[in-house]
Amino acid sequence: MFPIVEARFLAPDVKLFRIQAPRIARKRRAGQFVIIRIDQHGERIPLTIADSDRDGNITIIVQGVGKTTRWLNTLESGDSIRDVVGPLGEPSEVESFGTVVVIGGGVGTAIAYPTAVAMKQAGNRVISIIGARDRERLILQDAMQQTSDELHVMTDDGSAGTQGFVTDALDQMIQSGVVVDRVLAIGPVPMMRAVSAVTKPRQIPTIVSLNPIMVDGTGMCGGCRVLVGGRARFACVDGPEFDAHEVDFDVLMKRNNLYRDQEAEALREFNKHPSES
Amino acid sequence: MAEPLPPKERVKIPRQAMPEQDADARARNFDEVNLGLEVVAAQCEAQRCLTCADPKCVKGCPVGVKVRDFVELVLAGDFLGAASKIREDNVLPAVTGRVCPQENQCEGACIMGKRFDSLAIGNLERFVADYERESGQVALPQRAPLTGKKVAIVGSGPAGLSCAGDLCLRGHDVTVFEALHEIGGVLLYGIPEFRLPKDIVRQEIDNMRAMGIEFQTNVVVGKTVTIDELMQEEGFDAVFVATGAGLPRFLDIPGEHLGGVYSANEFLTRVNLMKAYDSSHYDSPIYQCRDRHVAVIGGGNTAMDSVRSAMRLGAAKASIIYRRSMEEMPARQEEVHHAQDEGVQFLDLHNPVEFIGDEQGILKSVRLVKMALGEPDESGRRRPVAIEGSEIEMPLDVAIVAVGTGANPLVQSTTPDMKTNRWGYIQADEESLRTSKVGVFAGGDIVSGAATVILAMGAGRTAASSIDDYLQTGVWETDPAAAES
Ligand SMILES: Cc1cc2nc3c(=O)[nH]c(=O)nc-3n(C[C@H](O)[C@H](O)[C@H](O)COP(=O)(O)OP(=O)(O)OC[C@H]3O[C@@H](n4cnc5c(N)ncnc54)[C@H](O)[C@@H]3O)c2cc1C
Ligand SMILES: Cc1cc2nc3c(=O)[nH]c(=O)nc-3n(C[C@H](O)[C@H](O)[C@H](O)COP(=O)(O)OP(=O)(O)OC[C@H]3O[C@@H](n4cnc5c(N)ncnc54)[C@H](O)[C@@H]3O)c2cc1C
Ligand code: SF4
Ligand code: SF4
Ligand code: FES
Ligand SMILES: [Mg+2]
């Protein structure tokens, strides 16, 4: 059992949890994730470790999209999670690259945040671009501001920052002559694909964090395989970060849809009795 | 107690058949297929044993279960005595009685088998273990005085469990670390409920817990903690690595990324560990098999378990695609027969060359090439060769790839001073199971490559006595050849 010591909403459907998990807190590095299972009937889902502290807690930030994440978001401080395993995956490659642009879309900002911090600590100039549908759904703006030399905020409806996509900001920045040494983009697959399309012709090294469906997270099932450079790689152990210019986003998107019917059904059932799960 | 019969009479008794669920019914449920012998049948079977002076059955068993002696106790009606007799050499009799390939081991060596049907040793072992469990009188062996030495076991499959059991008895403080959320290794996530009910595994683990073994789930050694940290920071005096051969192999053919193509590991994990077959109670989804055509590529136990699980998930048609001929199939005979009775179709001498999908990226067919058997290869089996121009396309909804597994590198890559061979398996001295790293031992599938439950348990026992030795003497000597290579 892993006790929840803090739980609060950051935006509608986006909740932050601090969870007691001392072994994981001590080991984790930016870019790594945990796999959790809420109770003995639950499924296993991966969530990025956004932060950790000296008291043995890890932070996760969860966007409610389907049954498990919405169920998780009903939990409060004092509740606990049955299984939390990690830290899984390879840590982000953090070096002094020069100027690094960190792009977070939606809850992807939470996943990008720890790497932005690490990039800054490694002596990079960090320019962050965060995007969301509207002002309400924007997360971690203050935290990103603090860890970045420059922050651009983009919303689809213009209710905060500039109206437009994160790729608009990136494109403009590059065109205005900013020399970008590396880009890290994390968010919905179409966004990561769009970022990759901006940087590929300019040969700017670009890293994306992939989110295929996972089960064990240890390389045992192969369900998380993604095509990178034409080769199958297991995102849970070889990734989750990969060279964007080599990733087959189309395959990733299609594989992520594989259980859509069952997921929709599970959510419908859950919405009937959200408190009883 | 039944009067022993003279040998001439004994060999006239027919081998007692294992009662099983009706094939049509069981092909659609996950309940156990074999129902177990009744007392009368068990004693009748025990009566068949020739109580040989030189019992070959014992030599045929990889851990040397005293078959003749326990069978005599069955005949005498002392079933609990028979159980403790088996437990002297085998800590999981209810498991091995069900899943050992007996025909190649104890029963394969049985003297009676030379002229008649061999004694049904596996069925008797299972009978005794079930009797003991159901009686609620499992006699937990007495633990030796505590030594104060700490041992970490990495992996909770049969190798890890049997090592933990032995070391605990010798008074050491044992902690088992398991990456998954449940204990049992392949017994839990691989072998399906209908062959090995999970409650049996759980009860054995409860017994071990009661003996004083500590189990920590959700610890991926190499990630959550390294072996060096276990030894230097957490005070473990020795480590036994028993992480199995869990890395799935794929065919490396076009279309393997399509939706509906699974590794057997993923498919079986979803079905067994995550209980996807019981979707009204469990959340993990599995790709729709009901009323569809599911084919499994491969011919081993894993392939049989996968295809029979697919059948039970409601497949309209469940097939095995195997590149050699039926005779070469490595799966246990019993499993192949069970699968055939349940309506599984076998397409031997065929090999997939491409999976074909629709615009949504979902599997819709497979291209197969016919095979012929050529010259024998290193394994002595005739090598399958593709027949040119023989390709056919077969409509298919779900494909499960069960063509073997390899070594997972997580532990090895974070323990650089522990040597591996060129396939990534850990190198350990054959007799002592010592690795090239002081205080670290390894055994089971992670050393031998994918093998059997009982061989893994045997390795666990060997490791336990070798670890005990090391803890008592503090002397570390490895075979110099192993240390150098
Ligand atoms: C490495 C990694 C890190 C992640 N980090 C975060 C994070 O920090 N915060 C966050 O909110 N989300 C994160 N996700 C995504 C999160 O795991 C999914 O949103 C979650 O699993 C959805 O589960 P559900 O039952 O609520 O929704 P469902 O309705 O069941 O699924 C919605 C969609 O999520 C994806 N999904 C479903 N099951 C899984 C699974 N077992 N593994 C991965 N994806 C799945 C599928 O594409 C699916 O269509 C991460 C994913 C990965 C792979
Ligand atoms: C589907 C299937 C059917 C089979 N049927 C039979 C049969 O009928 N009869 C038979 O005799 N044999 C059978 N086998 C083979 C048999 O199950 C194996 O040979 C045996 O389980 C090997 O035991 P092990 O202890 O070495 O490893 P495993 O049983 O593989 O256990 C290893 C454990 O270590 C854990 N682990 C791995 N890495 C780490 C890590 N880094 N940190 C912590 N834990 C870790 C794994 O999660 C796993 O629980 C079958 C195998 C499969 C896959
Ligand atoms: S452990 Fe296996 S091989 Fe040994 S006697 Fe029992 S069934 Fe036979
Ligand atoms: S070899 Fe066969 S007949 Fe002889 S003791 Fe063993 S089981 Fe009995
Ligand atoms: S999640 Fe199973 S191998 Fe990656
Ligand atoms: Mg879900």
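Enter the mean number of other protein chain beta carbons within 10 Å of the beta carbon of each residue in B:406-419, as an integer.
Details: counts 0, 0, 4, 2, 5, 0, 0, 1, 0, 0, 0, 0, 0, 0.
Mean partner-chain Cβ count within 10 Å for B:406-419: 1.
Quick check: from the Cα gyration tensor, does chain B come out rounded (a/c under 1.5), prolate or oblate? In terms of gyration-tensor shape, oblate.
Name the shape class, rounded, prolate or oblate, that the alpha-carbon gyration tensor gives for the stretch B:236-335, where a ≥ b ≥ c are the square roots of its eigenvalues, rounded holds for a/c under 1.5, and otherwise prolate holds if a/b is larger than b/c and oblate otherwise. It would help to have the intermediate numbers written out before the result.
Working: a/c = 1.64, a/b = 1.16, b/c = 1.41.
Oblate is the answer for the stretch B:236-335, as a/c is 1.5 or above yet b/c matches or exceeds a/b.
Per-residue shielding of A:34-44, expressed as the average number of other chain Cβ atoms within 10 Å of the residue Cβ, stands at 4. Listed here are the pairs B:K59/B:K149; B:K8/B:K85; B:K56/B:K419; B:K223/B:K437; A:K27/B:K437; B:K85/B:K149; which of them are more than 30 Å apart at the Cα? In this structure, B:K59/B:K149; B:K56/B:K419 exceed 30 Å between Cα atoms.
Here the stretch A:1-72 and the stretch B:110-142 have alpha carbon centers that stand 47 Å from each other.
My understanding is that a pair violates if its Cα-Cα distance is over 20 Å; which of A:K67/B:K364; A:K200/A:K254; A:K15/A:K67 do that in this structure? Pairs exceeding the cut-off: A:K67/B:K364; A:K200/A:K254.
Which whole-number percent is the relative contact order of the stretch B:7-135 (Cα, under 8 Å, 6+ apart)? Relative contact order, the stretch B:7-135: 28 percent. Taking a ≥ b ≥ c as the square roots of the eigenvalues of the Cα gyration tensor, an a/c ratio of 1.5 or more together with a/b no larger than b/c marks the stretch B:133-269 as oblate.
Averaged over B:279-290, how many beta carbons belonging to a partner chain fall within 10 Å of each residue's beta carbon? Mean partner shielding for this stretch: 5. Listed by chain and number, the aspartates and glutamates placed with their C-alpha closer than 20 angstrom to that of B:K370 are B:D252, B:E256, B:E327, B:E328, B:D348, B:E354, B:E388, B:E391, B:E393; residues fewer than eight positions away on the same chain are left out.
The numbers here are math on the coordinates, done by the rules we state, and not lab data. Since the model is a prediction, treat every value here as computed from it, not as a measurement. Please note: Cβ atoms are built from the backbone with ideal geometry, for glycine as well, and neighbour counts cover all protein chains shown.
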